Amino acid sequence: MEYYQYIKAFHLIFVITWFAGLFYIPRLFVYQIEAYHKPSPEKEILGKQLKLMAKRLWYIITWPSAILATLFAVWLLVLQPYWLRQPWMQVKLTFVLLLFIYHLKTHQYFKQLQNDVVKKTSSYMRIWNEGATFILFAVIFLVILKSAINWIWGVIGIVLLGILIMLGFKIYKRIREKNPEA
């Protein structure tokens, strides 16, 4: 099955571009929310540009990548169905389900901001931005270690990363309070 490796390569390419979109879109949300609170005409100028950037990222890169990564993954599983019996794959698929939930919730935020509905703070979106990172950590550890048990070390790493990120947010917030241009 020489073509199996090609399918796997395409799957990985689209997983990477999907995550790239999921990493960047919440950052655009942060900028949109902050622009929303600026005075006119800055609010309108920035808001219009950021909406366009978000729309292009979301519909041209992120959604197509999610769909193509999924199609190639299903194709791989059709070719190698024994992977579905592996405990690590079952755990991985649970994280993939969480990734889709994260993606769909992010889509809700996208739609709200496209309609100038600001329900979340920029601080919230900075934290939301880390959701895909946590899922990525778990999936990478599962795929590399191929163990439903050893992935726990990856989750411990995720928790430690989360603690470091939260500390980083607190430090960054203090810096921004002292210097609003930072």
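List of remarks:
- Only one of I7, I13 that is at pLDDT 95 or above, farther than 25 Å from V118 by Cα and touching a Phe, Trp or Tyr at 6+ places or on another chain (Cβ under 7 Å): I7
- Considering segment 107-129, the residues that are of a type in the set (A, V, I, L, M, F, W, C) and more than 19 Å from G47 (Cβ to Cβ) include one that is modelled with the lowest pLDDT, namely I127.
- Condition met for A132 (surrounded by fewer than 18 Cβ atoms within 10 Å (Cβ to Cβ), at pLDDT below 95 and of a type outside the set (S, T, N, Q)): no
- Screening segment 138-172 for residues that are under 17 Å from L97 (Cα atoms) and among the aromatic types (F, W, Y) and picking the one that is modelled with the lowest pLDDT gives W151.
- Among residues of segment 15-56 being buried (at least 20 other Cβ atoms within 10 Å of the Cβ) and among the aromatic types (F, W, Y), the one that is farthest from P180 (Cα to Cα) is W18.
- Top-ranked residue in segment 74-90 [being more than 18 Å from Q5 (Cα to Cα) and out of contact with any helix residue (DSSP H, G or I) (no Cβ under 8 Å at 6 or more places or on another chain); ranked as surrounded by the fewest Cβ atoms within 10 Å (Cβ to Cβ)]: R85
- Listing of helices (runs of 4 or more DSSP H) fully contained in segment 63-182 that carry 3 or more residues being closer than 22 Å to I16 by Cβ: 63-79, 87-114, 131-145, 151-178
- Yes/no for I158 being β-branched (V, I, T) and out of contact with any helix residue (DSSP H, G or I) (no Cβ under 7 Å at 6 or more places or on another chain): no
- Here segment 1-44 is the region considered, the condition is being of a type in the set (S, T, N, Q) and in a helix (DSSP H, G or I), and the residue that is nearest to the chain's Cα centre (by Cα) is T17.
Matching residues to (1) among the acidic types (D, E); (2) over 15 Å from the mean Cα position of the chain (by Cα); (3) crowded, with 17+ Cβ neighbours inside 10 Å:
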{"site": "L98", "(1), (2), (3)": "no, no, no"}
{"site": "V117", "(1), (2), (3)": "no, yes, no"}
{"site": "Y124", "(1), (2), (3)": "no, no, no"}
{"site": "W128", "(1), (2), (3)": "no, no, yes"}
{"site": "I163", "(1), (2), (3)": "no, yes, no"}
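The values are calculated or read from the model by the stated rules, or taken from the named source; none is laboratory data. Just so it is clear, the model here is predicted, and its values are computed rather than measured. Note that we place each Cβ from the backbone using ideal geometry, even for glycine, and neighbour counts take in every protein chain shown.
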